[in-house]
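Worksheet: one structure, shown below.
The values are calculated or read from the model by the stated rules, or taken from the named source; none is laboratory data. Here the structure is a predicted model, which means the values were calculated and not measured. Neighbour counts run over all protein chains shown; Cβ positions are idealised from the backbone, glycine included. Quick note on the areas: whole protein, heavy atoms, side chains included, nothing else; ligands and nucleic acids left out. Shrake-Rupley method; radii C 1.70, N 1.55, O 1.52, S 1.80 Å.
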Amino acid sequence: MKKSLKFLGWFLMAFLLYAVSILVYGGVTDYQPEAVIRLETEMQSPITAIEDSTFSMLIWNIGYAGLGAEADFFYHGSGFFTCGDNMVRPTEELSNKYFNGANDFLKNNPADFVLLQEVDFKSKRSYYNNQFEKFQKTLPSYSASKATNFQVSRIPAPILQPWKAYGECHSGLATFSRYQPKEVTRFQLPGEFEWPNKPFMLDRCLQVTRYPLNGKELVIVNVHNTAYEKDGTFKMQQLDFLKNLILPEYEKGNYVIAGGDWNQSPPNLPRDHFKKMDLSAYKNLNVPEDLFPKDWKWVFDPTVATNRSNRDPYKEGETFTTLIDFFLVSPNLNALSVKGIDMKFAFSDHQPVMMEVTIK
């Protein structure tokens with residue numbers, strides 16, 4: 001009995017030391033970006049001016065090539081402490097399958113502007129593949145820029161299974177275009193989780209890219225707002241930040257498009273539009289109808305779900321799906337078409353959305 005208690009005592013002390021070390025290391029290495037960062041264009045486009053009045057745009061959260069149809073993400077399915085039977089990361093074979101599927105889609109579905117979320121630059125979860133660089137090779141004549149929103153040296157979850165730890169993660173937003181931008185900027189979004197979670201959570205941001213157009217500017221905002229919160233407070237802070245950023249742009253005469261993964265449904269579209277369910281445990285909300293003036297347009301395809309629950313592997317007709325990937329368009333632009341691409345969530349827990357817009 002005494003030996004058992006002694007062993008238990010040493011085990012608890014070792015675990016406490018491990019936990020404290022992780023928290024101290026996380027605090028010391030915590031990524032703390034400046035509020036505004038001018039970003040480099042890492043690839044140049046030979047086209048320096050937009051001459052057409054109509055152009056196309058693609059948005060897609062690729063889920064770091066880790067959340068395809070076979071995936072069940074441990075953080076949703078089991079929790080922070082253990083992974084249970086859920087995946088911490090996919091096998092390398094599945095990761096390659098998901099990335100190649102996303103890469104082939106971008107190659108075969110060209111758009112003038114491509115806005116991606118959850119693109120890994122250097123992460124254990126995607127076997128340290130630099131997905132951003134590989135997408136550059138797929139889109140060789142496009143300008144390319146990236147904005148980090150997730151940089152952690154070691155994510156310890158699942159905390160009770162350190163041999164399965166999520167590990168290093170460096171990821172973010174990526175914007176590609178047929179046109180050469182005049183400026184790309186990262187804007188830090190409000191909303192910080194409390195310690196000890198803060199060092200291990202995403203530092204949400206907007207990636208804002210500016211292009212010359214008709215003597216003004218086309219301002220394109222790559223969006224990926226907060227997901228893991230209880231009451232939507234951060235989401236509202238981030239929506240207000242976006243509003244205060246882009247309304248003045250339109251007042252200057254600029255053209256504005258914001259698109260990506262909002263982690264909210266658009267105004268007035270039921271969150272269980274595709275599959276009715278009890279939403280009490282589902283944290284995502286709708287964007288408030290009165291957030292923007294009525295002449296600003298929320299553009300989405302209500303016939304195709306863009307996001308699925310990844311608590312379990314995807315099963316068509318059974319898995320809960322919703323729509324949280326869409327566009328916001330300023331009044332001086334007109335959306336000619338929008339189409340969600342139903343890929344049965346084969347390569348990500350999100351699905352791509354294509355839009356064509358024209359200048360009014």
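Summary table below
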| read-out | value |
| --- | --- |
| Selected from ASP120, ASP272, ASP349 as most flexible by GNM, with the chain as the system and alpha-carbon contacts under 10 Å | ASP272 |
| log₁₀ of I(q)/I(0) at q = 0.15, 0.18 Å⁻¹ - the stretch 88-216, Debye sum with one point per alpha carbon | -0.81, -1.06 |
| Positive-end extreme of charge dipole, the chain - chosen from ASN100, MET343, MET236 (charges on Cβ) | ASN100 |
| In nm, spacing of pseudo-spin labels at LYS243 and GLN161 (7 Å Cα→C-beta vector) | 4.3 nm |
| Interatomic Cα distance distribution for the stretch 140-276, bins of 5 angstrom, percent | 2, 9, 15, 18, 17, 15, 12, 8, 3, 1, 1, 0 |
| Candidates MET57, MET87, MET343: whichever shows maximal mean-square fluctuation once the chain is modelled as a Gaussian network with Cα springs under 10 Å | MET343 |
| Candidates THR41, THR233, THR138: whichever shows maximal mean-square fluctuation once the chain is modelled as a Gaussian network with Cα springs under 10 Å | THR233 |
| Cα-based Lys pair tally, the stretch 147-242, threshold under 28 Å, eight or more apart or on separate chains | 5 |
| Length-normalised contact order for the chain - Cα pairs under 8 Å, 6+ apart - percent | 21 percent |
| Rounded, prolate or oblate (a/c below 1.5 giving rounded, otherwise prolate when a/b exceeds b/c) for the stretch 30-109 by Cα gyration tensor | oblate |
| Nearest 10 degrees, 0 to 90: helix 233-251 Cα axis against the chain principal axis | 20 degrees |
| Whole-angstrom gap from the stretch 109-134 to the stretch 318-346, using each part's C-alpha centre | 20 Å |
| Student exercise, the stretch 152-277 dipole from Lys, Arg, Asp, Glu Cβ charges, in Debye to nearest 20 | 300 debye |
| Residue-normalised accessible area of the stretch 127-261, expressed per residue, 1.4 Å probe, Å² | 37 Å² |
| Value of [θ]222 nm, deg cm²/dmol, for the chain, DSSP H segments ≥ 4, -39500 (n - 2.57) each, nearest 500 | -7000 deg cm²/dmol |
| For the chain, with +1 on Lys and Arg beta carbons and -1 on Asp and Glu, the positive-most of THR185, PHE150, ILE37 along the dipole | PHE150 |
| With DNA, RNA and ligands ignored, accessible area of VAL114 (1.4 Å probe; Å², nearest 10) | 10 Å² |
| Euclidean distance of C-alpha centroids, the stretch 39-58 and the stretch 230-246, integer Å | 28 Å |
| Cα convex hull of the stretch 200-256 - mean projected area over all directions, nm² | 4.2 nm² |
| Percent accessible area from carbon and sulfur atoms, the chain, protein chains only, probe 1.4 Å | 55 percent |
| Translational diffusion coefficient (Stokes-Einstein; Kirkwood radius from C-alpha pairs) of the stretch 210-360 at 20 °C, 1.002 mPa s, in µm²/s | 131 µm²/s |
| Solution diffusion estimate, µm²/s, Stokes-Einstein, the chain, Kirkwood Rh from C-alpha pairs, 25 °C, viscosity 0.890 mPa s | 116 µm²/s |
| Estimated dipole of the stretch 262-360 in Debye, rounded to 20 [Cβ of Lys and Arg +1, of Asp and Glu -1, Cα centre] | 0 debye |
